[in-house]
1. Before we move on, is residue 167 modelled with pLDDT under 95 and more than 11 Å from the ligand (Cβ to nearest atom)?
2. Based on this model, can you work out whether residue 209 counts as crowded, with 19+ Cβ neighbours inside 10 Å and either within 13 Å of the ligand (Cβ to nearest atom) or among the small types (Gly, Ala, Ser) (or both)?
3. Filtering region 28-39 down to residues that are buried (at least 19 other Cβ atoms within 10 Å of the Cβ) and more than 14 Å from the ligand (Cβ to nearest atom), which residue is farthest from the chain's Cα centre (by Cα)?
4. Residues in region 288-299: is at least one more than 21 Å from the chain's Cα centre (by Cα) and in contact (Cβ under 8 Å) with a residue 40 or more places away in the chain?
5. Looking for whichever is in contact (Cβ under 8 Å) with a residue 40 or more places away in the chain, assigned by TED's automatic domain parsing to the domain that holds residue 120 and within 12 Å of the ligand (Cβ to nearest atom) here; the options are 260, 239. Which one fits?
6. Within region 319-364, track down each residue that is farther than 25 Å from residue 24 by Cβ, touching a residue at least 60 places away in the same chain (Cβ under 8 Å) and over 17 Å from the mean Cα position of the chain (by Cα).
7. Within region 184-231, how many residues turn out to be in contact (Cβ under 8 Å) with a residue 24 or more places away in the chain and either in a helix (DSSP H, G or I) or not assigned by TED's automatic domain parsing to the domain that holds residue 251 (or both)?
8. Only residues that are under 12 Å from residue 208 (Cβ atoms) and free of Cβ contacts under 8 Å to residues at least 40 places away in the same chain: list them for region 98-135, please.
Amino acid sequence: MKLFDVYPINNINITRGQGSLVYDAQDTEYLDMYGGHAVISIGHTHPHYVKRLEDQLHKLGFYSNSIEIPIQKELAEKLGKVSGKEDYQLFLCNSGAEANENALKLASFYNGKKKVIAFSKSFHGRTSLAVAVTDNPKIVAPINETENVIFLPWADEAALEDAFKNNEISSVIIEGIQGVGGIQVAPEGFLQKIRSLCDQYNAVFIADSVQCGYGRTGKFFSHDFAGVDADIYSMAKGMGNGFPVGGIIISPKIQPAYGMLGTTFGGNHLACAAGLAVLETIEQDNLLQNAAEVGGYLIKELNKLEQVKEVRGRGLMIGIELPEELAHARKELLNKHHIFTGEAKPNVIRLLPALNLTKAHADRFLEAFVNVLNQ
Ligand SMILES: Cc1ncc(COP(=O)(O)O)c(C=O)c1O
């Protein structure tokens, strides 16, 4: 049997990793400024993470959500503490798309309405509702098309106000920093406007934090920079440092009912062990502060480079926009300097490294990047 060929891949076989370094089958070392697509939050094979998972695996890997699972409550408590949203409720699932799917559905259960506002260049996942609120017609199949989604221009307050006027809006979904869309930071005033319109019209504010959340920007949720609380935050990626874990946290104003949401695998024992290992490490090693400091340093240094068109982002979620003639830079970084980075079209290099990236590794990236720009 062959694999279903949907990924354009690099011809590299990564076989092991440690911290922000990974190694291929020939033992060539690579610097991971991509975090396997913003997934590796506390570094590859972090000893505490390995031990937590190993210990749990020896005890119990899985049992269904039909029984008491104390480790879920432990995870919820720790997440409340580290995120500062202690009065929220946690629902666990397995991926970012699934988290958004549940968030959109829950919003509609809550207020009985159907329409969703999403924004240009948004990416929220590939399952049915998640892809319907994603602004990329190429990945929306005919069966995913719906009249319930209204796409608005990014950060356009007048358009937002106008869309609310018929009082049909169930929810607004927005990334605090658009990832796939090219690292666009949502203006704080715009997030505040969403909050006040959602309050006025009993709509649900969904903060997609799958990529920009979990401490990546230096705050636990990037939406926190606006000083407002969303009603639902969706999470995945960094939550399990590679173990597939997703979830939503839900404001106390939304009440649960049996059967409203559900999943077979979500919140299993191993996933919770991975989730706890991540949060414990974020807390113990002060990783929000590290993300802010090392990310701030990278942004400052990148801003000094005259060949760069624009540097966007916060903390360790950074977009470097390059002119067309430097479109080859990302490939050069990988092939010549053995540095993984992400991309966003057109010509944006995305940096999404582990939150414990060291300044020395940041400098190694900067040196290689300057070399590529000056060739
Ligand atoms: C902002 C955002 N939301 C949702 C998703 C979907 O997550 P997953 O691929 O885990 O379904 C992604 C994935 O890149 C994302 O960046």
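The values are calculated or read from the model by the stated rules, or taken from the named source; none is laboratory data. What you are looking at is a predicted structure, and each value in this text was computed from that prediction instead of being measured. Using ideal geometry, Cβ is built from the backbone for each residue, glycine included, and neighbour counts are taken over all protein chains shown.
1. Yes; evaluated as a whole, the condition is true for this residue.
2. Numbers: crowded, with 19+ Cβ neighbours inside 10 Å: yes; either within 13 Å of the ligand (Cβ to nearest atom) or among the small types (Gly, Ala, Ser) (or both): yes.
Against the criterion (crowded, with 19+ Cβ neighbours inside 10 Å and either within 13 Å of the ligand (Cβ to nearest atom) or among the small types (Gly, Ala, Ser) (or both)), residue 209 qualifies.
3. 30
4. Within region 288-299, one or more residues are more than 21 Å from the chain's Cα centre (by Cα) and in contact (Cβ under 8 Å) with a residue 40 or more places away in the chain.
5. Exactly one residue qualifies, and that residue is 239.
6. Across region 319-364, the qualifying residues are 321, 345, 348, 359.
7. Residues in region 184-231 being in contact (Cβ under 8 Å) with a residue 24 or more places away in the chain and either in a helix (DSSP H, G or I) or not assigned by TED's automatic domain parsing to the domain that holds residue 251 (or both): 17 in total.
8. Those that are under 12 Å from residue 208 (Cβ atoms) and free of Cβ contacts under 8 Å to residues at least 40 places away in the same chain: 101, 130, 134.
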